[in-house]
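Here is the structure we will look at, set down as structure tokens.
The values are calculated or read from the model by the stated rules, or taken from the named source; none is laboratory data. Predicted model only: the values in this text are computed from it and were never measured. So basically every Cβ, Gly included, is an ideal-geometry build from the backbone, and we count neighbours across all protein chains shown.
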Amino acid sequence: MRYKILWADDEIDYLKPHIMFLTDKGYDVTTVANGEDAVQLSRETKFDIVFLDEQMPGIGGLTALSEIKSISPSTPVVMITKNETESIMEKAIGKKISEYLIKPVNPNQILLACKKLLESERLKGDAVTRDYIQEFNRISQELVTPLTAEHWIDIHSRLAQWEVELDSHPHVDLRQTLLDQKRECNLEFGKFIERSYRNWIHSDKGNRPMLSVDVLEKKVAPEIQPGKSVFLFVVDCLRLDQWLVMEKILHPMFKVERDAYIGILPSATPYARNSIFSGLFPADMEKRYPTLWADNQDDEHSKNKYEAEFLQDFFTRRRIAVKDVKYAKLVSADDSRQYEQGIGTQLKHQLNAVVVNFVDILAHSRSDSQLIKELSPDESAFRSLTKTWFEHSAFLRMLKTLSKQKATILITTDHGSIRCMRPTKAIGDREASTNLRYKFGRNLQCEQKNAVYIKTPSDYRLPNHGLNVNYIIAKEDYYFVYPTNYHKYVNQYKDSFQHGGISLDELVVPMIRLTAK
């Protein structure tokens with residue numbers, strides 16, 4: 001493809017070497033000596049870029065710029081001038097020039113402007129392609145070596161960053177390659193968790209990676225100091241890739257320290273979030289709070305009613321002195337607005353623990369609403385929808401307010417979610433739980449290569465939920481479907497975001513510390 005250039009300058013004859021240079025580089029250059037001709041040619045021909053001399057007889061460069069922009073608003077215009085007056089520069093910038101060059105210009109300056117304005121997306125795409133192919137090869141090599149939890153956290157971070165990077169280059173045809181590699185990683189990660197998890201949860205804290213039960217002790221408690229206010233925001237169901245698009249919005253206000261840990265199993269709110277606030281594994285919660293798991297086994301909200309009590313009990317058990325602990329759960333838009341309006345008064349509390357439910361609601365709503373599913377047909381669009389929410393959310397306005405105060409801000413989640421694409425059959429009695437990524441009940445059976453089968457809940461420090469109960473937890477992007485009305489439910493839940501299983505997106509949990517700039 002040969003790009004078309006229009007160059008208007010009353011001394012165009014002196015620029016023949018530049019014209020020849022551009023022609024040799026593959027550009028078609030049309031020249032005129034005044035602004036009137038530049039405007040007229042812009043009406044007759046679609047040019048890819050226009051170079052305008054600022055001082056020409058008749059219509060000057062700024063006037064020609066306005067008229068050319070009214071004819072073709074998207075055409076990039078480069079102003080070339082001898083005048084270094086700041087006011088001229090400001091006028092040109094205000095009229096939406098794409099570049100401003102000071103005479104004398106050399107041919108390479110002109111070529112650089114052309115490449116920047118006409119070929120930057122292609123050149124960036126080429127660089128992204130080269131860099132990702134190198135990354136793809138590195139990760140593929142790592143997958144055949146022994147990996148630790150820290151290695152998996154690093155791999156997931158790199159994959160998530162590449163997902164976000166490729167969002168900026170939609171013309172780069174690598175998305176399917178990345179998805180295929182991510183699926184391969186999830187296959188190996190599922191095997192890793194199956195091999196390692198039981199050892200972790202029966203080991204002391206020094207011999208395992210950081211888990212959900214360690215968040216308060218390792219990340220929150222060290223921040224609690226006299227005269228200091230700490231805010232812990234737990235954004236329910238937040239994936240790392242979603243956080244990355246939110247993080248970009250915060251960079252002008254905060255220094256961002258990003259860490260991660262491994263969530264407990266199942267990667268679902270009643271288990272993971274209760275573990276964060278209690279510092280206990282689910283089986284230990286069952287012993288300490290025997291009524292917690294007794295009723296409403298499928299009602300997640302009923303099992304997360306006691307987080308404020310768990311939080312206070314944690315500090316009492318550990319004998320950690322906290323002057324004032326305040327808990328809030330923001331489920332509705334009204335909840336968020338009210339908390340935002342009173343956030344200044346929350347600074348008097350030494351610890352503020354705030355659950356933000358919107359991302360979880362968004363994930364569930366996508367399954368129920370065809371409109372939201374059409375707005376977010378894949379992970380990239382789901383990230384974009386999350387970013388749109390965050391940009392206009394009370395949560396962001398809270399963070400902006402806190403950026404001007406002396407407060408420590410910690411942000412995490414209980415679990416992420418995965419886009420479920422493959423069904424796998426499960427068999428159980430009527431009393432079995434209805435969750436799609438994990439189930440507990442009597443005599444549960446499933447295709448075991450697609451799930452972790454837990455015959456004895458105590459092996460995984462899980463509650464018994466009564467006698468003879470076993471668990472199954474889905475791996476990769478599988479979701480459980482009962483044989484009855486199998487095809488109906490396969491179609492209903494395919495391509496929905498779910499949680500509770502074993503995948504990088506669900507179990508590698510971001511842990512963020514924000515410091516105001």
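Brief remarks follow.
- Of all the listed residues (E217, E194, E184), the sole one being touching a Leu at 6+ places or on another chain (Cβ under 9 Å) and assigned to a helix (DSSP H, G or I) is E184.
- Selection of the range 214-234 for residues being among the aliphatic types (A, V, I, L, M), more than 13 Å from I409 (Cα to Cα) and touching a strand residue (DSSP E or B) at 6+ places or on another chain (Cβ under 8 Å) yields only V215.
Let's see how each residue does on (1) in a loop (DSSP other than H, G, I, E, B); (2) crowded, with 18+ Cβ neighbours inside 10 Å:
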position: M1; (1), (2): yes, no
position: I5; (1), (2): no, yes
position: D10; (1), (2): yes, no
position: P17; (1), (2): no, no
position: L22; (1), (2): no, yes
position: G26; (1), (2): yes, no
position: V29; (1), (2): no, yes
position: A38; (1), (2): no, yes
position: S42; (1), (2): no, yes
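- Qualifying residue in the range 437-450 (condition: in contact with a helix residue (DSSP H, G or I) (Cβ under 7 Å, 6 or more places away or on another chain), touching a residue at least 60 places away in the same chain (Cβ under 8 Å) and not assigned by TED's automatic domain parsing to the domain that holds R337): no
- Check on K219, surrounded by fewer than 17 Cβ atoms within 10 Å (Cβ to Cβ) and in contact (Cβ under 8 Å) with a residue 40 or more places away in the chain: no
- Given (1) buried (at least 17 other Cβ atoms within 10 Å of the Cβ); (2) modelled with pLDDT of 95 or more; (3) farther than 30 Å from T434 by Cα; (4) over 21 Å from the mean Cα position of the chain (by Cα), index of the condition I224 fails: (2)
- L280 satisfies every condition listed in (1) surrounded by fewer than 18 Cβ atoms within 10 Å (Cβ to Cβ); (2) at pLDDT 95 or above except (1).
- Residue list for the range 137-152, filter: aliphatic (A, V, I, L, M) and either surrounded by 11 or more Cβ atoms within 10 Å (Cβ to Cβ) or in contact with a Pro (Cβ under 8 Å, 6 or more places away or on another chain) (or both): I139, L143, L147, A149
- Members of the range 197-214 that are at pLDDT below 95 and in a helix (DSSP H, G or I): K205, G206, N207
- Residue pairs whose Cβ atoms lie under 8 Å apart, sitting 6 or more positions apart in sequence or on different chains, and linking a residue in the range 363-391 that is in contact (Cβ under 8 Å) with a residue 60 or more places away in the chain and in the same structural domain as H169 (by TED's automatic domain parsing) to a partner that is among the hydroxyl-bearing types (S, T, Y) and crowded, with 18+ Cβ neighbours inside 10 Å, do not occur here.
- Residue in the range 231-255 that is surrounded by the fewest Cβ atoms within 10 Å (Cβ to Cβ), counting only those that are under 14 Å from M511 (Cβ atoms) and among the β-branched types (V, I, T): V234
- The criterion of at least 3 residues that are over 21 Å from the mean Cα position of the chain (by Cα) is met by the following helices (runs of 4 or more DSSP H) wholly inside the range 338-406: 343-346.
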